[in-house]
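**Student:** For reference, the structure I am asking about is given below.
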Protein chains: 2
Amino acid sequence: MQADQAGILDTQLTAQVVNHIRAKIEDGTLQPGDRIPPEREFAKMLKISRASLRTGIGYLAAMGVMKVRHGVGTFVSDGPPEIGKSSLGLLGALHGFKAWQMFEVRKLIETSLAALAAERGKEEHFTVLAEEVAEMYATIDDPAQYLIHDVRFHRTIAEASGNPILAALMETVSTALYDERRKTAERARDRKNSLEAHREIYRAIRGGHPTEARNAMERHLHSAESELAAEQSARVRKPRRERKAKQTVPA
Amino acid sequence: MQADQAGILDTQLTAQVVNHIRAKIEDGTLQPGDRIPPEREFAKMLKISRASLRTGIGYLAAMGVMKVRHGVGTFVSDGPPEIGKSSLGLLGALHGFKAWQMFEVRKLIETSLAALAAERGKEEHFTVLAEEVAEMYATIDDPAQYLIHDVRFHRTIAEASGNPILAALMETVSTALYDERRKTAERARDRKNSLEAHREIYRAIRGGHPTEARNAMERHLHSAESELAAEQSARVRKPRRERKAKQTVPA
DNA sequence: TGCCCGTGAGAGGTCGGACCACTTGAATCT
DNA sequence: AGATTCAAGTGGTCCGACCTCTCACGGGCA
């Protein structure tokens with residue numbers, strides 16, 4: 001488990017900080033929501049400077065393991081797990097990920113999530129799903145509100161799947177995809193179709209039909225992708241600039 | 001471009017650094033392999049202290065976007081993309097991810113990868129796959145070497161899938177899973193089975209049969225999981241390594 | 001009594017600038 | 001020519017001072 005191997009952590013000291021906290025987490029000394037000592041104290045304990053300690057904490061914060069609150073303290077993250085949620089967008093720009101590739105991943109994950117939810121979902125999840133569908137009906141004319149319930153619907157399915165890793169991955173991909181489309185305004189007709197699709201998904205899941213749930217989700221995402229593509233094709237695309245020499249770039 | 005989504009970035013200044021570089025990457029000014037100015041210079045340009053700059057760079061490095069090389073410089077990452085590769089293990093410990101959950105994700109991703117590879121793979125990929133299978137034959141009695149080719153085989157399939165995001169996710173999950181089992185010694189008979197499985201997968205992919213490829217991969221991973229479970233259950237009375245010793249903080 | 005606001009302790013955030021450690025390649029010695 | 005040395009350049013660490021943000025305590029006022 002001392003997995004710094006491929007890790008190529010910044011340096012010795014940050015690695016020391018990370019391992020120290022990692023150990024505390026793995027043996028249960030530190031649990032979600034717990035607070036670590038003030039930086040000045042902690043630095044003294046570890047016999048390193050405050051700056052180095054902060055580097056290590058920053059690393060953990062970037063991974064989503066720690067949460068720093070100015071003026072309050074530093075805590076172990078206690079919300080739902082996040083895997084590279086904030087980095088996918090940037091990595092996409094860097095490596096030239098295409099929207100269809102992200103969508104392909106999303107479809108893969110969400111269809112499986114739907115199937116798993118149909119298999120393992122509990123009554124409590126079904127209840128929430130039903131509520132969200134109802135809310136979508138109620139907010140069919142309010143795009144912003146509708147979107148909130150749409151997101152919650154998918155998130156609940158993820159939770160019902162019983163696989164938090166898959167749920168986290170869905171969150172990551174969805175977020176990156178959402179950033180891509182944030183500027184596009186959904187059309188009312190799209191929401192109408194979307195609503196129907198969600199109802200189908202809900203029924204398949206509640207009925208305990210994995211394959212149907214998977215197919216319904218597949219159809220839903222497929223049409224969502226088509227709508228998104230249609231909207232985006234109407235927009236101007238900025239081309240990537242060409243650069244050959246690998247040298248220092250002026251700021 | 002936009003203000004970082006819900007981005008709970010550490011602070012204003014780190015956000016400034018991240019956005020500055022993000023912008024450069026998004027408009028193509030910075031590309032993989034490029035070097036950014038020396039910290040002292042760069043800090044002066046951005047009119048912030050070197051410490052703050054380093055915080056921002058550390059954040060980007062943690063996300064896998066930047067690569068810092070002591071005594072040389074700081075570069076934009078130029079290898080294959082990584083999504084939370086180093087964080088999954090820690091997040092697993094924190095949120096209590098189970099091995100079966102990780103395996104479930106791995107199966108989902110790799111089976112899809114195999115199917116996609118069968119659809120989209122190019123001759124070059126097939127050639128490499130064939131070579132790796134041959135190497136596996138040759139190293140059937142050398143666990144360490146065998147493992148290397150095993151990994152390369154799967155990695156090549158990922159590349160052949162034409163979806164770098166999915167490939168990166170596979171890498172992430174595999175790494176985390178590998179950390180769990182690094183101590184277990186594979187048995188010769190397992191490698192024998194494994195080898196057969198790889199041959200089947202290879203043939204299905206080369207033949208352009210997505211469904212067969214998916215099924216073959218499914219079978220392969222299923223038996224791999226069983227073997228892993230068998231090995232781990234065999235070592236009862238040894239639940240977790242005791243890292244109490246390391247609690248004493250190596251100074 | 002009870003609400004409001006000032007205030008200070010404590011926590012993280014930023015700073016600058018000295019000094020250490022690592023890489024690299026040019027200058028020097030053999 | 002080849003091996004060795006060394007200095008410049010770049011990231012790594014440290015110190016210690018000061019700024020900003022939160023929050024709770026407690027006095028003042030209604």
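None of the figures in this text is laboratory data; all of them are computed from the coordinates on show. Computed from a predicted model, the values in this text were never measured in an experiment. Neighbour counts run over all protein chains shown; Cβ positions are idealised from the backbone, glycine included.
**Student:** Please compare each pair in A:24/A:47; A:44/A:85; A:24/B:85; A:107/A:192; A:24/B:67; A:98/B:67 to a cut-off of 25 Å on the Cα-Cα distance and tell me which ones are over it. Write down the numbers at each step before the final one.
**Tutor:** Values: A:24/A:47 17 Å; A:44/A:85 33 Å; A:24/B:85 21 Å; A:107/A:192 20 Å; A:24/B:67 28 Å; A:98/B:67 23 Å.
Checking Cα-Cα distances, A:44/A:85; A:24/B:67 exceed 25 Å.
**Student:** OK, next. Restricting attention to the alpha-carbon atoms of the range A:88-228, what are Rg (one decimal) and Dmax (integer), both in Å?
**Tutor:** 14.4, 43
**Student:** Shifting gears a bit: Explain nothing, just the number: relative contact order of chain A, from Cα pairs under 8 Å at least 6 residues apart, as a whole percent.
**Tutor:** Numbers: 260 pairs, mean separation 47.2, N = 251.
The value is 19 percent.
**Student:** How much FRET efficiency would the formula 1/(1 + (r/R0)^6) give for residue B:203 and residue A:179, where r is the Cβ-Cβ distance and R0 is 45 Å, rounded to 0.05?
**Tutor:** On the way: r = 41 Å, r/R0 = 0.91.
For R0 = 45 Å, the calculated efficiency reads 0.65.
**Student:** Over all Cα pairs of the range A:12-76, how is the pair count split among 10 Å bins, expressed in % and running from 0 up to the last occupied bin?
**Tutor:** 22, 62, 15
**Student:** For the range B:88-234, calculate the relative contact order in percent as a whole number, restricting contacts to Cα pairs under 8 Å that are 6 or more residues apart. Walk me through the numbers on the way to the answer.
**Tutor:** Values: 159 pairs, mean separation 53.4, N = 147.
RCO, the range B:88-234: 36 percent.
**Student:** One quarter of the convex hull surface, Cα atoms only: what value does that give for the range A:101-154 in nm²? Numbers along the way, then the final one.
**Tutor:** Working: hull surface 16.7 nm².
If you wrap the Cα atoms of the range A:101-154 in a convex hull and average its projections, you get 4.2 nm².
**Student:** Oh, and also: In nm, what does the list of distances from residue A:143 to its counterparts in the other copies look like, shortest first, when each label sits 7 Å along Cα to Cβ?
**Tutor:** Between copies, matching label points for residue A:143 lie 5.9 nm apart.
**Student:** Nearest 0.05, what FRET efficiency do residue A:131 and residue A:45 give at R0 = 30 Å with Cβ-Cβ as r?
**Tutor:** On the way: r = 48 Å, r/R0 = 1.59.
The value I calculate is 0.05.
**Student:** For the protein assembly as shown, report the translational diffusion coefficient in µm²/s to the nearest whole number, using Stokes-Einstein at 4 °C, 1.567 mPa s, and a Kirkwood Rh over Cα pairs. Present the calculation step by step, with values, prior to reporting the outcome.
**Tutor:** Working: Rh = 24.4 Å.
Translational D for this selection: 53 µm²/s.
**Student:** In addition: Take residue B:11, project a point 7 Å from its Cα along the Cβ direction, then tell me which residues of the range B:25-67 have their backbone nitrogen under 12 Å from it.
**Tutor:** So the set is B:49-56.
**Student:** Mind giving me the FRET efficiency for residue B:148 and residue A:98? R0 is 25 Å, r the Cβ-Cβ distance, nearest 0.05 is fine. Mind dumping the intermediate values first?
**Tutor:** Values: r = 31 Å, r/R0 = 1.24.
Working from the Cβ atoms, E equals 0.20.
**Student:** So how tilted is helix A:99-120 from the main axis of chain A? Cα-based, degrees 0 to 90, rounded to 10.
**Tutor:** Approximately 80 degrees, to the nearest 10.
**Student:** Please name whichever of B:147, A:133, B:11 sits farthest to the positive end of the charge dipole of the protein assembly as shown, dipole taken about the Cα centre and charges placed at Cβ: Lys and Arg +1, Asp and Glu -1.
**Tutor:** So the residue furthest toward the plus end is B:11.
**Student:** Mind sorting A:194, A:52, A:161 by how few other Cβ atoms lie within 10 Å of their own Cβ, fewest first?
**Tutor:** Arranged by neighbour count, lowest to highest, A:194, A:52, A:161 become A:52, A:194, A:161.
**Student:** I've got another one for you. For the range A:3-160, what is the convex hull volume of its Cα atoms per residue in Å³? It would help to have the intermediate numbers written out before the result.
**Tutor:** Numbers: hull volume 29.4 nm³, N = 158.
In the range A:3-160, the Cα convex hull volume per residue is 186 Å³.
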